Amino acid sequence: MADGKTLEFNLEPCATPVHASERERLLENPGFGSLFTDHMAMIRYSEAQGWHDARITKREPILMDPASSVLHYAQEIFEGMKAYRLADGATALFRPEENAKRFQASARRMAMPELPEPLFLKSVEALVDIDREWFPSVEGGSLYLRPFMFASEVFLGVRPAKEYLYLVIASPAGGYFKSGASAISIWVSEHYSRAAPGGTGAAKCGGNYAGSLIAQAEAIEQNCDQVVFLDAAEHKWVEELGGMNLFFVMNDGTLVTPPLSGTILPGITRNSIMTLAREEGLTVVEQPYAIDQWEADAASGKLVETFACGTAAVVTAVGTVRSSGGAFTIGSGGPGQLTEKLRRRLVDIQRGIAPDDHGWVKKLF
Ligand code: PLP
Ligand code: COI
């Protein structure tokens, strides 16, 4: 059976790519998540054959049987990562091995086969290579990559499927937030939980997002940009946003972030920020932080900044927090100095402007 080291991708370039002038026009204002490149990567898995039929092909709709088990029992996982154009014109990925490992961890939790790391990396790199003309020209733009896998077996029995389809699509991206605001507002979800102990909170599976959408819709109704989830057991401890991890900056040089207790996603940006913050001389602590404490610390001035981070959102300041009980402002309500400093340090490494002392940047070509 294919172990991922020997499997080669069949290259089937798109015969009708988007015309260069149209592509240039689209890339001037890519937004987030609605513009796609000409190609996709695809690998099939079956219990009998293992990983097989690896291809880079034209991006097109996929035909699905109505009894494909993902449509019923939601065995689906995904990753989110970015390819960057560096200052020297080269193209690079940021810590892609971490995405490969998290994809395997998500697969384990969802009783799916683990895609070997070399195959994950090869699929992403081959797609970036063939769609290299699709980097946005806008400031802060990148090529957002979305590897994902779902149960494609045609079967309605409730058990792990025996067949899967793995795909990677690419989406030229600008900023994640439409408003372009320098600090976002957060709605505290008091009724809905994102994840419970023993559940799937640490896996990047579509079901986690499906369950979070009603709370995100509530946030928008309340004129907030994002929802923040509290722990499911006590509704007391701050966990994370629908698609970002959270950090709290204290006036004594401590940076607090909720621990990886199994209910939040182990963010790669979160991990990188912890390293950079320690290098800046901050004391980083992973510890539970209560919603009431957040408000009290913001009021007393002990808490000076809060920021959210993730691949799509990069590092984004949180300005205000609202709940049914009222609202509070953090610091001046705009981005604080440390948020800006850490954001700059991260972005400069990702873009090849600052030296990559940690070996995080993987140059492709
Ligand atoms: N938390 C959730 C729920 C997410 O969807 C994401 C985004 O992938 C993150 C956190 C941040 O993770 P990363 O920094 O690896 O993108
Ligand atoms: C990412 O940051 O890559 C995510 O998957 C989060 C999603 C909200 C876009």
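The values are calculated or read from the model by the stated rules, or taken from the named source; none is laboratory data. Treat the numbers as computed from the prediction; the structure is a model and nothing was measured. Neighbour counts are summed over all protein chains in view; Cβ atoms, including those assigned to glycine, are modelled from backbone coordinates with ideal geometry. With ligands, DNA and RNA removed, areas are computed over all heavy atoms of the protein, side chains included. Shrake-Rupley method; radii C 1.70, N 1.55, O 1.52, S 1.80 Å.
Backbone phi angles across segment 154-170, fed through the Karplus curve with coefficients 6.51, -1.76 and 1.60 (θ = phi - 60°), yield HN-Hα couplings of 8, 6, 9, x, 8, 6, x, 5, 10, 9, 9, 10, 10, 9, 10, 10, 10 Hz in residue order; Gly and Pro are listed as x.
For the chain, the solvent-accessible area works out to 44 Å² per residue, with a probe of 1.4 Å and every protein chain left in place.
When the solvent-accessible area of segment 10-173 is split by element, carbon and sulfur atoms take up 52 percent of it, the probe being 1.4 Å. Using the Cβ-Cβ distance between Thr6 and Ser34 with R0 = 41 Å, the FRET efficiency computed as 1/(1 + (r/R0)^6) comes to roughly 0.65. Between Leu143, Pro335, Ala15, the Cα set farthest toward the positive side of the dipole of the chain (charges on each charged residue's Cβ, about the Cα centre) is that of Ala15.
Projected label points at Asp356 and Asp65, each 7 Å from Cα along the beta carbon direction, are separated by 4.3 nanometres. Between Ala327 and Asp252, the distance separating the two model label sites (each 7 Å from Cα on the Cα→Cβ line) works out to 3.1 nm.
In this view, the solvent-accessible surface of Met64, computed with a 1.4 Å probe and all protein chains in place, comes to about 80 Å².
Computed with a 1.4 Å probe over protein heavy atoms only, the accessible area of Glu163 comes to about 80 Å². How many nm is it between the label spots at Asp88 and Lys341, if each spot is 7 Å from the Cα in line with the beta carbon? For Asp88 paired with Lys341, the spin-label model returns 2.8 nm.
Round to the nearest 0.05 the FRET efficiency obtained for Lys302 and Ser182 when R0 = 25 Å and r is the Cβ-Cβ distance.
Efficiency at R0 = 25 Å is approximately 0.65.
Farthest towards the positive end of the charge dipole of segment 183-350, among the residues Thr320, Leu276, Asn245, is the Cα of Leu276, using unit charges on the Cβ of Lys, Arg, Asp and Glu.
A simple charge model with +1 on the Cβ of Lys and Arg, -1 on the Cβ of Asp and Glu and nothing else charged puts the dipole of segment 18-83 at about 140 debye relative to its Cα centre.
Work out the length of the dipole vector of segment 10-173 about its Cα centre, built from +1 on the beta-carbon of each Lys and Arg and -1 on the beta-carbon of each Asp and Glu, and round it to the nearest 20 debye.
Values: 18 positive and 23 negative charges, 77 e Å.
Result for segment 10-173 is approximately 380 debye, rounded to the nearest 20.
Spatially, segment 25-48 and segment 291-365 are offset by 29 Å when compared through their Cα centroids.
The stretch between Ile214 and Glu286, if pulled fully straight at 0.36 nm per residue, gains 23.1 nm over its current Cα-Cα span. Residue pairs exceeding 31 angstrom between C-alpha atoms, taken from Lys236/Lys363; Lys236/Lys362; Lys204/Lys302; Lys236/Lys302; Lys162/Lys363: Lys236/Lys363; Lys236/Lys362; Lys204/Lys302; Lys162/Lys363. Overall, the accessible surface of segment 183-350 at a probe of 1.4 angstrom is composed of carbon and sulfur to the extent of 50 percent.
Kirkwood's formula applied to the C-alpha pairs of segment 306-360 gives a hydrodynamic radius of 12.7 angstrom.
Loop-resident GluC sites (Glu not before Pro) (DSSP state other than H, G, I, E or B) in segment 22-113 with no more than 14 further Cβ atoms inside 10 Å of their Cβ: Glu28, Glu47. Measuring r between the beta carbons of Lys363 and Glu117 and using R0 = 25 Å, the FRET efficiency lands at 0.90.
His72 contributes an accessible area of around 90 Å² to the protein surface, as traced by a 1.4 Å probe with all chains present. Considering only Ala196, Gly175, Trp294, and ranking their Cα positions along the charge dipole of the chain that arises from unit charges at the beta-carbon of Lys, Arg, Asp and Glu, the one farthest toward the positive end is Gly175. Largest accessible area first, the residues Leu93, Leu7 order themselves as Leu7, Leu93 under a 1.4 Å probe with ligands, DNA and RNA left out.
How long is the gain from Ser261 to Arg23 if the chain were fully straight, where each residue apart is worth 0.36 nm and the alpha carbon distance is subtracted?
81.3 nm
Here the Kirkwood formula, the inverse mean of 1/r across different C-alpha pairs, assigns segment 102-206 a hydrodynamic radius of 17.0 Å. Dimensions of segment 46-102 along the principal axes, based on C-alpha atoms and rounded to the nearest Å, stand at 49, 27, 23, largest first. The charge dipole of the chain, taken about its Cα centre with unit charges on the Cβ of Lys, Arg, Asp and Glu (plus for the first two, minus for the last two), comes to roughly 260 debye. Compute the projected area of the convex hull of the Cα atoms of the chain, averaged over all viewing directions, and report it in nm² to one decimal place. Answer in nm², one decimal: 18.6.
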